[in-house]
Amino acid sequence: MLHHWASLHRHFSLMAPKSHRIRPLAESTMQATGKKPRSIATEAAATPSSSMKDSFSKYAEYLNQFNDKRERVVKASRDITINSKKVIFQVHRISKNNKDEVLEKAEKDLSTVKDQHVARLVKELQGSDFWKLRRAYSPGIQEYVEAATLCKFCTAGTLLKLDEMNSMLLPLSDPSCEPLQINVLDYILGLADLTGELMRLAIGRISDGELEYAEKICRFVREIYRELTLVAPNMDDSSDMRTKMDVMLQSVMKIENACFSVHVRGSEYIPLIGSDDTNYTLLGVPNFES
């Protein structure tokens, strides 16, 4: 009996160290297997979140800079519009006696618009995707085209072409960047607006007795309208152009009617041509400006 209990005690004493060795090994194995997946899952979840946050931060910064640039471009375009209109108003001061003086002043003002305001726009847009901001600066460019082509016609009697305008803008751009060029659409839209100013100029020349000059304007405007009627239907963005074509036709008709009236009823106006009486004009309308 004593021998039996002694053998059992010896048996359990031999087994105890083994169970103590197994338990810590099992616990360490469970802890290891439990911690490792959790750490991997945490890293995998943190990486996309931080990457997405960085991406959105970059997008936000890009949009903020883009909006700031757009505001500056709109301001530059507005300055170009205002000062180009001043050039147009200067041209309309033309008369038989001050033609050279008025046109010289208009040319200087137009050069100032190019060197100051257009140059500021070019500097703002160079090195960027300026086509994305076309809607922001298009009104100013159209007004500049209108003023430049009006001065060119009054001084040389010809049309200022798109290539000539873009060549004048090249010195304003940094040679290392893509130069800002006036696109065809803005040039055509500005050319359409030119006909309205030429109509006002023709009416003024008729009232001042310059019939040949008014007829020259009439032929020039009629030619522009004829050419643009071939171009407008093929334009991709022709919504603005359709409206301008209707206004252009009205301008052509007004010039033609004015010239026709002078030719038909010329005997009523001819005695007034060269008259020293400043209270009357060629059309028989009192001149209140004097």
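The values are calculated or read from the model by the stated rules, or taken from the named source; none is laboratory data. Model, not experiment: these values are computed from the prediction. Don't worry about glycine lacking a Cβ; one is built from the backbone with ideal geometry, like all the others, and counts go over all protein chains shown.
Of note:
- Residue count, the stretch 228-246 (criterion: exposed (fewer than 15 other Cβ atoms within 10 Å of the Cβ) and under 21 Å from Arg200 (Cβ atoms)): 2
- Residue match in the stretch 243-258 (condition: modelled with pLDDT of 85 or more, of a type in the set (A, V, I, L, M) and out of contact with any helix residue (DSSP H, G or I) (no Cβ under 7 Å at 6 or more places or on another chain)): yes
- Filter result (in contact (Cβ under 8 Å) with a residue 24 or more places away in the chain and over 19 Å from the mean Cα position of the chain (by Cα)) within the stretch 150-173: Leu150, Cys151, Phe153, Cys154, Thr155, Gly157, Leu159
Results for (1) over 20 Å from Ala156 (Cβ atoms); (2) assigned by TED's automatic domain parsing to the domain that holds Ile88; (3) not polar (S, T, N, Q), shown as yes or no for each residue.
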| position | (1), (2), (3) |
| --- | --- |
| Arg200 | no, no, yes |
| Gly204 | no, no, yes |
| Gly209 | yes, no, yes |
| Glu215 | no, no, yes |
| Phe220 | no, no, yes |
| Thr229 | yes, no, no |
| Asn234 | yes, no, no |
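- For the stretch 230-254, a tally of residues being under 14 Å from Met199 (Cβ atoms) and touching a Lys or Arg at 6+ places or on another chain (Cβ under 8 Å) returns 1.
- Test: residue in the stretch 109-125 that is out of contact with any helix residue (DSSP H, G or I) (no Cβ under 9 Å at 6 or more places or on another chain) and within 28 Å of Thr155 (Cβ to Cβ): yes
- The lone exception for Phe89 - which of (1) surrounded by 15 or more Cβ atoms within 10 Å (Cβ to Cβ); (2) among the aromatic types (Phe, Trp, Tyr); (3) modelled with pLDDT of 95 or more it fails: (1)
- Restricting Val73, Val102 to those that are out of contact with any helix residue (DSSP H, G or I) (no Cβ under 6 Å at 6 or more places or on another chain), surrounded by 13 or more Cβ atoms within 10 Å (Cβ to Cβ) and either touching a residue at least 24 places away in the same chain (Cβ under 8 Å) or not assigned by TED's automatic domain parsing to the domain that holds Ala202 (or both) reduces the list to Val102.
- The set of residues from the stretch 133-186 being in a helix (DSSP H, G or I), surrounded by fewer than 19 Cβ atoms within 10 Å (Cβ to Cβ) and of a type in the set (Ser, Thr, Tyr) comprises Ser138, Thr155, Ser167.
- Members of the stretch 180-219 found to be of a type in the set (Phe, Trp, Tyr) and over 30 Å from Ala119 (Cβ atoms), listed by number: Tyr213
- Flag if Val118 is surrounded by fewer than 17 Cβ atoms within 10 Å (Cβ to Cβ), farther than 27 Å from Asp208 by Cβ and among the aliphatic types (A, V, I, L, M): no
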